[in-house]
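A quick write-up on the structure given underneath.
Coordinate-derived values only; no laboratory data. What you are looking at is a predicted structure, and each value in this text was computed from that prediction instead of being measured. For neighbour counting, all protein chains shown are included, and Cβ atoms are generated from backbone atoms with ideal geometry for every residue, glycine included.
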There are 2 protein chains.
Amino acid sequence: MKRTAFFISDSTGITAEVMGESLLSHFPGIEFDKQVLPYVDSEAKANEAVATINLAAERDGNRPIIFETLISKNLRRIITSANGFSFDVINTFLKPLEQELGAHSTSDVGRPRVASKDTNYIRRIEAINFALDNDDGARLNRYPQADIILTGVSRSGKTPTSLYLALQFGIYPANYPITEEDMEVFDLPKPLREYRGKLFGLTISAERLTAIRKERRANSRYASVDQCRREVAEVERLFEQYDIPYIDTTDVSIEEISTRILATTGIERHFR
Amino acid sequence: MKRTAFFISDSTGITAEVMGESLLSHFPGIEFDKQVLPYVDSEAKANEAVATINLAAERDGNRPIIFETLISKNLRRIITSANGFSFDVINTFLKPLEQELGAHSTSDVGRPRVASKDTNYIRRIEAINFALDNDDGARLNRYPQADIILTGVSRSGKTPTSLYLALQFGIYPANYPITEEDMEVFDLPKPLREYRGKLFGLTISAERLTAIRKERRANSRYASVDQCRREVAEVERLFEQYDIPYIDTTDVSIEEISTRILATTGIERHFR
């Protein structure tokens with residue numbers, strides 16, 4: 001069975017999409033064709049959306065599911081006239097929330113907070129710059145400013161996790177790869193020793209690591225299961241020996257790695 | 001008036017938070033103290049959360065607002081026993097969705113899709129690598145593989161936007177800064193000329209640019225309003241001359257810049 005799902009918004013569509021995706025994930029047996037229609041902020045665009053929805057309904061032989069966060073009642077009226085099944089994601093909760101807060105909601109929002117009013121904008125940019133400057137052990141002299149130093153074998157997820165931490169939470173992350181040379185010493189790499197309190201380890205199954213490394217260098221010793229197995233075992237031994245908290249990234253999304261790191265370490269987000 | 005808001009989940013907490021943030025943004029007159037409590041997946045953790053909520057209620061003299069996406073009925077019962085006002089974000093919509101789909105929802109989800117099952121994981125990593133390798137005009141030989149080439153003056157938002165496009169949508173972005181030297185030629189930089197169809201411009205107000213540049217190099221000519229004004233005017237002239245679509249990033253969040261670029265260009269997301 002196949003159904004089409006639309007995420008419709010007068011703004012970025014992120015709320016409609018996150019909510020819709022969450023709900024649809026409860027139905028793993030159904031295949032959904034998903035479409036985001038952002039910036040639906042005029043009657044013309046709403047009518048265009050309706051045509052798209054109706055076309056999908058005809059093609060599927062089933063009306064599409066619609067998750068919408070439109071502010072304008074007029075635009076909502078147009079969208080709900082389509083041959084679809086609509087969820088009014090925001091308004092469903094807005095009335096009880098107004099009652100609880102004893103306040104009226106303003107209707108001119110729905111747009112993401114603008115950057116200039118957002119004192120977090122510059123912090124976000126600076127955090128990204130910090131992550132880039134301190135990626136892959138490139139610089140060690142800014143470790144005193146780092147909120148966290150991720151470490152692990154090559155391709156264990158350090159760079160994407162660093163970038164996510166910077167972009168989403170304004171955290172200053174550094175990351176340092178543990179290479180074969182480091183392992184020959186059978187000890188924690190020297191540059192990391194004085195920052196033990198900031199270290200967080202990433203590990204990964206040897207099989208998964210092999211698959212990821214093969215994307216970059218197929219048929220290399222670097223990507224062989226034996227090599228991966230050896231590196232992973234050694235790194236985990238180091239994490240244990242030095243009491244470095246670590247997480248197995250094998251079956252875990254970047255979002256989950258990042259939020260688990262915050263939950264484990266108690267590092268404060270600079271914004272939400 | 002101040003109220004505390006909790007975003008509670010047995011998983012990352014991203015859905016509870018995105019929904020809650022959206023709803024609370026409709027009440028700009030109220031100051032909210034926001035707390036994410038992710039990975040509440042045991043009775044012990046749920047009881048801990050209840051204690052935190054009750055403490056906030058006492059301190060505020062007002063019961064906190066709770067947005068929760070818990071799967072377990074048992075854990076929800078514990079959370080709703082707290083002195084708070086709860087929104088059951090997922091279940092509210094789940095029953096009507098089950099009816100419409102004619103299917104039962106599975107209750108073992110709520111966890112983000114695991115990475116190994118996610119064929120998108122490697123694409124995501126590769127997209128981030130592509131963005132990093134092709135940041136700031138570092139390499140030109142991979143432009144044929146780029147999905148988009150962002151261009152604009154230094155500090156107009158190219159790097160964060162590139163990373164967001166890669167991380168969230170699996171798009172391969174390059175970015176190329178237009179420097180003063182380029183401007184002396186009064187023409188589009190040579191490396192960009194054969195990729196005109198992939199170009200997307202970012203511009204920004206001179207005042208905002210000055211503020212951002214001052215964070216990096218205060219009191220420099222680089223950060224002066226005059227210099228910024230001149231660069232911005234010249235770059236906008238180039239965009240117009242070559243019919244390059246562009247967006248003013250001045251008051252716009254990185255999420256909005258990125259989603260607007262997709263809406264304008266029609267570039268397909270590699271995943272959602």
query = Given labels modelled 7 Å from the Cα in the Cβ direction, how far is it in nm from B:TYR222 to B:LYS95?
reply = 6.0 nm
task = Pop the C-beta distance of B:GLU215 and B:ASP33 into the FRET formula with R0 = 41 Å and round what comes out to the nearest 0.05.
result = 0.90
request  = One decimal, nm, shortest first: give the distances between the label point of A:GLN99 and those of the same position in the other copies, each label point 7 Å from Cα along Cα→Cβ.
outcome  = 2.0
J(HN,Hα) series, segment A:81-90, from Karplus relation 6.51 cos²θ - 1.76 cosθ + 1.60, nearest Hz, glycine and proline x = 6, 6, 7, x, 10, 9, 10, 8, 4, 7
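Please figure out what share of the DSSP beta bridges in the protein assembly as shown is antiparallel and state it in percent, rounded to the nearest 5. Numbers along the way, then the final one.
Details: 0 of 52 bridges.
Approximately 0 percent, going by the DSSP bridge assignments.
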note = Listed by chain and number, the residues whose amide H is under 5 Å from that of B:SER253, excluding neighbours fewer than 5 places away on the same chain and using placed H, are A:ALA115
request  = Report, to the nearest 10°, how far helix A:43-60 tilts away from the longest principal axis of the Cα atoms in chain A, using its own Cα long axis and a range of 0 to 90°.
outcome  = 80 degrees
task = Work out from phi, with θ = phi - 60° and the Karplus expression 6.51 cos²θ - 1.76 cosθ + 1.60, the ³J(HN,Hα) of each residue of segment B:198-207, listed in order in whole Hz, and give x for Gly and Pro.
result = 9, 6, 9, x, 10, 10, 6, 6, 4, 5
On Cα atoms only, tilt of A:91-101 relative to the major axis of chain A in degrees = 80 degrees
request  = Assuming a ≥ b ≥ c are the square roots of the Cα gyration tensor eigenvalues, decide whether segment A:1-109 counts as rounded (a/c under 1.5), prolate (otherwise, with a/b larger than b/c) or oblate.
outcome  = oblate
request  = Set the Förster radius R0 to 25 Å, insert the Cβ-Cβ distance between A:ASN47 and A:MET1 as r into 1/(1 + (r/R0)^6), and round the FRET efficiency to 0.05.
outcome  = 0.30
ask   = Shortest first and in nm to one decimal, what separations exist between A:VAL185 and its copies in the other chains, measuring from label points 7 Å along the Cα-to-beta-carbon line?
value = 4.6
Helix A:158-169 axis, angle to chain A major axis (alpha carbon atoms, nearest 10°) = 50 degrees
query = Using alpha carbon centroids, what distance separates segment B:197-228 and segment B:23-75, in Å?
reply = 41 Å
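Evaluate E = 1/(1 + (r/R0)^6) for B:LYS190 and B:ARG229, where r is the Cβ-Cβ distance and R0 equals 30 Å; express this FRET efficiency to the nearest 0.05. Don't jump to the answer; show the numbers that get you there.
Working: r = 25 Å, r/R0 = 0.85.
Plugging the Cβ-Cβ distance into 1/(1 + (r/R0)^6) gives 0.75.
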key: B:TYR246 long-range amide H proximity, modeled H, under 5 Å   = B:GLY201
request  = State whether the protein assembly as shown is rounded, prolate or oblate according to the following rule on the C-alpha gyration tensor (a ≥ b ≥ c being the square roots of its eigenvalues): a/c under 1.5 gives rounded; otherwise a/b larger than b/c gives prolate, and the remaining case gives oblate.
outcome  = rounded
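Using +1 on the beta carbon of Lys and Arg, -1 on that of Asp and Glu, and nothing else charged, what's the dipole of the protein assembly as shown about the Cα centre, debye to 20? Numbers along the way, then the final one.
Numbers: 70 positive and 80 negative charges, 7 e Å.
Dipole about the Cα centre, nearest 20: 40 debye.
Rounding to the nearest 20 debye, state how big the charge dipole of chain B is about its Cα centre with +1 on each Lys and Arg Cβ and -1 on each Asp and Glu Cβ. Could you put the intermediate results ahead of the total?
Details: 35 positive and 40 negative charges, 74 e Å.
It comes to approximately 360 debye.
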query = Once the Cα gyration tensor of segment A:138-254 is diagonalised, what are the square roots of 5 times its eigenvalues, in whole Å and ordered largest first, as equivalent ellipsoid semi-axes?
reply = 23, 17, 12
task = Return the distance in nm (one decimal) between the two label points of a simple spin-label model at B:GLU207 and A:ARG139, each offset 7 Å from Cα along Cα→Cβ.
result = 3.1 nm
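How well do other chains shield peptide A:165-174, expressed as the mean number of their Cβ atoms within 10 Å of each residue Cβ? Mind showing how you got there, number by number?
Working: counts 0, 2, 7, 3, 0, 0, 0, 0, 0, 0.
The shielding value for this peptide is 1.
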message = For the rotation taking B to A, I'd like to know which residue in chain B has the C-beta closest to the axis, plus that distance in Å.
response = B:VAL18, 2
task = List the distances, in nm to one decimal, from the label point of A:ARG216 to the label points of the same position in every other copy, shortest first, placing each label point 7 Å from Cα along the Cα-to-Cβ direction.
result = 2.6
key: Residue among A:LEU150, A:ASN134, A:ILE90 farthest towards the positive dipole end of chain A, charges placed on Cβ   = A:ILE90
